[in-house]
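Here's the structure we're looking at; comments come further down.
The values are calculated or read from the model by the stated rules, or taken from the named source; none is laboratory data. Note that the structure is predicted; figures quoted are calculated from it, not measured. Every residue, glycine as well, gets a Cβ built from its backbone with ideal geometry; the counts of neighbours run over all protein chains shown.
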Amino acid sequence: MGPLKLFLLIGDPVEGSLSPAMMNAAFRSLKLNHFYVAVRVPEKFLGDAIAGAKKMGIAGLNVTIPHKIAVMRYLDALDESAAAAGAVNTVKNDRGRLIGFNTDGQGALRNLEEKVGSVRGRRVLLLGAGGAARAIAFSLVEAGADLTIANRTVSRAKELASLIERGLGKRVSFLPLNRDRLKNVLREKDILINATSVGMRPKVNETLVTAEMMHEGLIVYDIVYKPLQTRLLREARKAGAVALDGLGMLVRQGALAFEIWTGRKAPVRVMESAAK
Ligand SMILES: NC(=O)c1ccc[n+]([C@@H]2O[C@H](COP(=O)([O-])OP(=O)(O)OC[C@H]3O[C@@H](n4cnc5c(N)ncnc54)[C@H](OP(=O)(O)O)[C@@H]3O)[C@@H](O)[C@H]2O)c1
């Protein structure tokens, strides 16, 4: 069985998270003596929670909304993936040193490419500039996608575009979330990714893009997974677009975290059925 190791998901809220079922199924299937628990940590206790986790020898953490950016200041080091994205979703306790990683970007990219092939040269409109969007944006541009970012707070879209341009030397366009502008821009896009929290429970009837703004064959990837069938995906089907839900990204980002923590290949199929 090996040594007992504990892993935490911290966020606020964490109720209804699929990660404990998915991670514990993965640990069981490899007969690891490891356990994963979700803990609600309000923003004002984040520093205490991280210090406590370190002192208790927690082996690793997943970090979710609203802590992905704030958590960085409490860590001892950042891996390249987290430093580039400016957000952390996975922490490894490496003999008392907490190292931050970001598996969201690679998780989304791997899942998307499994479904639709390489993104190289494809024109992508990404909605959002928060923790998940930042990581996805870097991974997409690194993989050769032609990226445009739209965000409600347009200054954050602009900041993300210039961060990528400085870091990767590739041009990235940005725009505000204006329906007419989005409709025009979408005409010439191959892929639309929603990395905002719009459409997430409890506001399940909200969407930033509706069927008449889409075209047949457009690939619509919604990373929201609570619920899996979002209004955006229903609108996509109405328009004859390809609708992809957020479960695949959830599983892939979790599999990458599992591999960082254990050094073992993740049982992706086991994780996928546990998360369903
Ligand atoms: N499938 C997966 O594995 C996976 C992984 C990570 C995250 N997610 C999901 O991705 C979503 C975003 O997560 P996150 O960590 O990036 O959150 P975050 O850092 O809080 O960012 C939220 C983003 O949504 C935008 N937004 C929020 N409310 C909006 C509204 N009413 N209208 C327009 N834009 C709005 C924000 O725009 P402003 O900048 O203007 O505030 C920001 O761009 C969540 O639903 C999360 O569950 C899924």
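At a glance:
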item	result
Counted residues, the range 15-31 - those being in a loop (DSSP other than H, G, I, E, B) and modelled with pLDDT of 95 or more	2
Index of the failed condition, VAL41 passing every other in (1) surrounded by 21 or more Cβ atoms within 10 Å (Cβ to Cβ); (2) in contact (Cβ under 8 Å) with a residue 40 or more places away in the chain	(2)
Qualifying residue in the range 125-141 (condition: out of contact with any strand residue (DSSP E or B) (no Cβ under 7 Å at 6 or more places or on another chain) and free of Cβ contacts under 8 Å to residues at least 40 places away in the same chain)	yes
PRO3 being more than 22 Å from ALA195 (Cα to Cα), at pLDDT below 95, out of contact with any strand residue (DSSP E or B) (no Cβ under 8 Å at 6 or more places or on another chain) and surrounded by fewer than 23 Cβ atoms within 10 Å (Cβ to Cβ)	yes
Whichever residue in the range 91-130 is in a strand (DSSP E or B) and either farther than 26 Å from LYS158 by Cβ or touching a Pro at 6+ places or on another chain (Cβ under 8 Å) (or both) and, among such residues, is nearest to the ligand (Cβ to nearest atom)	PHE101
Failed item, numbered, when VAL224 is tested on (1) closer than 20 Å to ASN62 by Cβ; (2) of a type in the set (Val, Ile, Thr); (3) in contact (Cβ under 8 Å) with a residue 60 or more places away in the chain	(3)
Residue within the range 203-211 that is more than 9 Å from the ligand (Cβ to nearest atom), more than 20 Å from GLY86 (Cα to Cα) and crowded, with 20+ Cβ neighbours inside 10 Å present	yes
The range 72-87, subset without any contact (Cβ under 8 Å) to a residue 40 or more places away in the chain and not in a loop (DSSP other than H, G, I, E, B), residue farthest from the ligand (Cβ to nearest atom)	ALA77
Verdict on ASP12 being closer than 23 Å to ALA133 by Cα, at pLDDT 95 or above and of a type in the set (Asp, Glu)	yes
Test: residue in the range 179-195 that is closer than 30 Å to GLU15 by Cβ, within 16 Å of the ligand (Cβ to nearest atom) and surrounded by fewer than 21 Cβ atoms within 10 Å (Cβ to Cβ)	no
